[in-house]
1. Does residue 162 satisfy being out of contact with any Asp or Glu (no Cβ under 6 Å at 6 or more places or on another chain), of a type in the set (A, V, I, L, M, F, W, C) and not assigned by TED's automatic domain parsing to the domain that holds residue 243?
2. Quick one: in the stretch 1-19, which of the residues that are surrounded by fewer than 21 Cβ atoms within 10 Å (Cβ to Cβ) and out of contact with any His (no Cβ under 7 Å at 6 or more places or on another chain) is farthest from residue 407 (Cα to Cα)?
3. Go through 256, 247, 326 for me and flag whichever is polar (S, T, N, Q), part of a helix (DSSP H, G or I) and at pLDDT 95 or above.
4. For residue 362, all conditions in the list (1) part of a loop (DSSP other than H, G, I, E, B); (2) of a type in the set (D, E, K, R); (3) touching a helix residue (DSSP H, G or I) at 6+ places or on another chain (Cβ under 8 Å) hold save one; what is the number of the exception?
5. Restricting attention to the stretch 101-123, does a residue exist that is within 16 Å of residue 49 (Cα to Cα) and either in contact with a strand residue (DSSP E or B) (Cβ under 8 Å, 6 or more places away or on another chain) or in a strand (DSSP E or B) (or both)?
6. Kindly indicate whether any position in the stretch 91-109 is in contact with a Lys or Arg (Cβ under 7 Å, 6 or more places away or on another chain) and either among the polar types (S, T, N, Q) or within 21 Å of residue 265 (Cβ to Cβ) (or both).
7. Of the conditions (1) assigned by TED's automatic domain parsing to the domain that holds residue 227; (2) crowded, with 19+ Cβ neighbours inside 10 Å; (3) more than 30 Å from residue 406 (Cα to Cα), residue 138 fails just one. Which one is it?
8. How about the stretch 90-104: which of its residues are surrounded by 21 or more Cβ atoms within 10 Å (Cβ to Cβ), aliphatic (A, V, I, L, M) and closer than 30 Å to residue 312 by Cβ?
Amino acid sequence: MSLQVSNCYDSHVHWLATGQMLTTLRLHQLKNAEDIAQIEIPENAGSWVTGFGWDQNLWQTKNFPSRELLDQAFGDRKVVLFRADGHALWVSSAVLRHIGWAQSDGTFNAPESPTGGEVLLDKQGQPTGVLIDQAMAFVKPHLPTPSPEDIGRDLMRATRYFNSKGFTHIRDMSCSEQQWHQARILEDSGQLTLFVDQLFDTMDPEGFDQAMKLALAARKDKSRLLRPQGLKVFYDGALGSNGALLSKPYKETGKSGLRILSEPQLAEFIRRSWDEDFDIAVHCIGDQASFEVLRVANKLFDQGLRGRLHLEHAQLLSDESLKLISKLDVVCHMQPCHFLSDRRWLRDKLGDLYPRLFRWADLEKQGSPVFFGSDEPIEPTGVLVNQQAVVQAAQEGLPSPKKPVVQFQSYPIDDDCRTQFDDQGQVTKMDFLGQGLVIDASV
């Protein structure tokens, strides 16, 4: 049975990173940390080796890995491997030497963990090579900077990829000045075949001013396909790396997760965004994170401020949060596909918080707007993937929404785009702006 979706929409992606990750080491199939020794490095790899997709929760020990395994497998190469959720790095000793942590006796002197992040240490107080959330900032600035040509090529590669999966619309969660410039070049040359709702993000609170500057400049740069929507900030981390902010401690750590922003900082960022008539999107996965974000927004609402708040992921929601969502102008962006990847460990990790997971049915029942996405490249995108996830979640006690899943992935404005899928989820026909689009299935 075929399926037609109007203005097929992935509401949470990382456009540039999707193109970049199509050509990096893929680590999703690692069954344990030691398997890293079986990964082959491309012959044209430079002095830095990057990869993506490891998840210690899927390993038998469930322990975070160590830099010694990378040293044994790759020698003195600088190796930087992103966890499957993008919220942790696994790096080699060569990286720690490069960023200046090495001491003359061969040991390392790691700085204290920053607010909203953690440098994992072994029993001897030495860094293990795993850096979580804000601690990744010790390494990220040292990674090779892509050229403008690289950025343009990766954006185009990702565009073809999203089109091949049937999408005519995406909502991109991160953008630099260079990315915006290259995206405009693609549009002006007629190569861009996506509508893009563009967010300008900052992981570091100190970067908000620059993100706002870029958003304001982009809004003045008139574009048909690129739509500056607002700002994005991070309030907590991710569940898989124990960084999502929960109302109860994780069993593994005895801690409740990471709080990346203070409530006064968040209030300032929301206020400034709404003052400029921008939406603001806040990464919040844990139930405590979502509640605190909504509490801040509610205080501003009661002061007479108005604007739209987007909750990114909203993976765990309390009843109190649902009430605040119904009062405020809030849009929830959820990724059902995360359930398929995480279901094996979610009950153990969440305990009695599990019923607060993926409350799309409750949001639909109270009339709150919800859109589905993938978090690509964190998860592979696909309309039928999310449909499968909702069905699987229902079988494991999480109620399904009443309307068809594909309706949560249809852009709310009709841009005269249609995608036809066969019963296997393969694209059979696509119209973009009313014109037939040839799909490159080789991506």
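The values are calculated or read from the model by the stated rules, or taken from the named source; none is laboratory data. Not measured: the values here are computed from a predicted model. When we count neighbours, we look across all protein chains shown, and the Cβ atoms used for this are built from the backbone with ideal geometry, even at glycine.
1. no
2. This residue is 1.
3. 326
4. That leaves (1) as the condition not met.
5. Checked the stretch 101-123: no residue is within 16 Å of residue 49 (Cα to Cα) and either in contact with a strand residue (DSSP E or B) (Cβ under 8 Å, 6 or more places away or on another chain) or in a strand (DSSP E or B) (or both).
6. Yes: the stretch 91-109 contains one or more residues that are in contact with a Lys or Arg (Cβ under 7 Å, 6 or more places away or on another chain) and either among the polar types (S, T, N, Q) or within 21 Å of residue 265 (Cβ to Cβ) (or both).
7. So residue 138 meets the others, but not (1).
8. Correct list: 91, 95.
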